[in-house]
1. Enumerate lysine pairs in the chain that are 8 or more residues apart or on different chains, then count those whose Cα atoms are under 25 Å apart.
2. Given region 30-121 reduced to its alpha-carbon atoms as identical point scatterers, what log10 I(q)/I(0) does the Debye formula return at q = 0.11, 0.12, 0.15, 0.24 Å⁻¹?
3. Taking amide hydrogens as modeled 1.01 Å from N in the peptide plane, which residues meet the under 5 Å criterion relative to R274, leaving out close sequence neighbours?
4. Would you mind ranking I106, I426 by Cβ crowding within 10 Å, fewest neighbours first?
5. Relative to the longest principal Cα axis of the chain, at what angle does helix 60-73 sit, 0 to 90 degrees, rounded to 10?
6. How do C434, C533 rank when sorted from fewest to most other Cβ atoms within 10 Å of their own Cβ?
7. What is the order of V526, V470, fewest Cβ neighbours within 10 Å to most?
8. Rounded to two decimal places and with Rh computed the Kirkwood way over Cα pairs, what is Rg over Rh for region 1-158?
Amino acid sequence: MFQQNLVPAGSLGITVLISLVPLAVLLFLLAGVRMTAWLATLITGVITIPVGVFLWHAPFRATLQAYWYGSLTGVWVIDWITFWGLIIFNTLVVTGDFERFQKWMIHHATADVRIQTLMLAWAFGALLEGVVGFGFPWAVVAPVLIALGIADLDAIRVAALANNAPVSFGALGAPILALSAVTSLPLLSLSASVGHIVAVLALFPTWVLLYLVSGWAGMVEAWPLAIVGSLAYIAGQWPVARYWGPYLPDISGSLLSFWALYALVQVWKPKTIRGFGGVALTQTPTAVAANSDSKVGAFRAWLPYIVLLVVVGIWTGPWLPAYFHVNLPSYSLQKWSVSAISSVSHKPSASTFNFNPLSGGTSILVSWLVILLCLRPTGAQLKEVFRKTFRQMWGALLVGFFIFGLAYAFVFTGMANSLAFGLSKIGPAFVILCPILGWIGVALSGSNTSTNAMFGPVQAVTGRLLNLPVLLLPSLNSVGAEVGKPVAPQTASVGVSTTRFVRSEGEVIRHNMSWTFVMLGYLVLVGLLFYFCFPKVMQL
């Protein structure tokens, strides 16, 4: 069995610099050359393998095996979920049900810009992130906010910052699934630890959103909205992340937040109706057509999300193992693996592809089939759904294949351990640097999932070397990547696709930048809070 080399260059500093080559190449191709992500990850993999083979002396055949098993893991763990999630979304778009749902949301948001912002950008945006991700919440929410009177650049910033808290559980939990796959940490434990951090993080953005659309006085005047919007999201997100897993926290959190805000404004509203900038309004804008508020229309609008919650909740939650002694996602049909002796633990470490055909992605496929029975689209509509989805996703599907192959090869050859060993020399202060690395990773790569795939193993090993709570650094990496999404070029390019800022992502990113630094600073404080005060919740 291959024994990994910890300091193959003879000098730890030189070794660390060489181990950074794959990360540097990938980020240079993505952010510097602005190369498409699937090609950048493919080229970086082609460079990483010979570096690992010739400098870390990893066996070539075994390294190729690790790359292949990683690529298969990317397809099955990530692509299989995100594909069916987008299929569901596009089914709703093509059948007109998404437009019906959007009209229903707008109809109930009232004329006050603060209520509109929290119901649409915060709650509705989190729902879109939970189902689709990939910048779609910006693309859908920003034009709505612009139509309601928010200045276009500010509307995009509001949509982006509202999207901060939900990103780690976006696309039906893809980033957490990726993090578990590359670190071999238990999925439910990671989901819980990220859920703890996100719960504290989510206390802050609602106040920022109110301030951005109505100023200081408008924010203070509408303080119940901020409290109810954040606490309701946390109440829906945290228990699901803690006890069920990463698939549904965004969906449950967003729905509970929306309905809590809806209930609040039935009994309380700010005494002054305000528009964008805190301007007092004397007239109420015309409401959406009344038929969007019919009971039948409302039920049909909400039905797909109810189906998704019920099917995925039953399939992946604790109910089946507890009562029927069946755990569908854990059923394994076949496993392939290749092992090496870790240069850090000196124990065998396996790079494994686990083919579990009844995984969470399959539960989303089943949800879609149930939704089809409810909506009954035509054959032509289904053809359009698949055509639209493949056109939107083919590049992302290839990224899932190549980025996980790259990550597995990076870990198998020992390069990740060497980098982690060098970073561990920073000491416990690395807790501060950890979320910053996640922010940098997603700001340059554009993907929380890809950032977790590349940085996750390094963060996990560094934490072990520093004797930190084992879940702390990987979780902070993922949430740090959340905070960097508003300045990620790839996310921005999707997010502005429905506005006049197409191909002007730089202007949008500059407009978002300062507030991402504020959110990052807050996250660093949250990380220190868990490190000093609640380390046990970050332990296995």
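Bear in mind that the values in this text are calculations on the coordinates, not laboratory data. Everything numeric in this text was worked out from a predicted model, so none of it was measured. Please note: Cβ atoms are built from the backbone with ideal geometry, for glycine as well, and neighbour counts cover all protein chains shown.
1. Here the count comes out as 8.
2. For region 30-121, the Cα-only Debye profile gives -0.63, -0.69, -0.81, -1.13.
3. Under 5 Å from the amide H of R274 lie the amide H atoms of V113, R114, L281, each far enough along the sequence or on another chain.
4. I426, I106
5. 20
6. Ranking C434, C533 by Cβ neighbours within 10 Å, fewest first, gives C533, C434.
7. With the fewest neighbours first, V526, V470 line up as V470, V526.
8. With Rh from the inverse mean 1/r over Cα pairs, Rg/Rh is 1.17.
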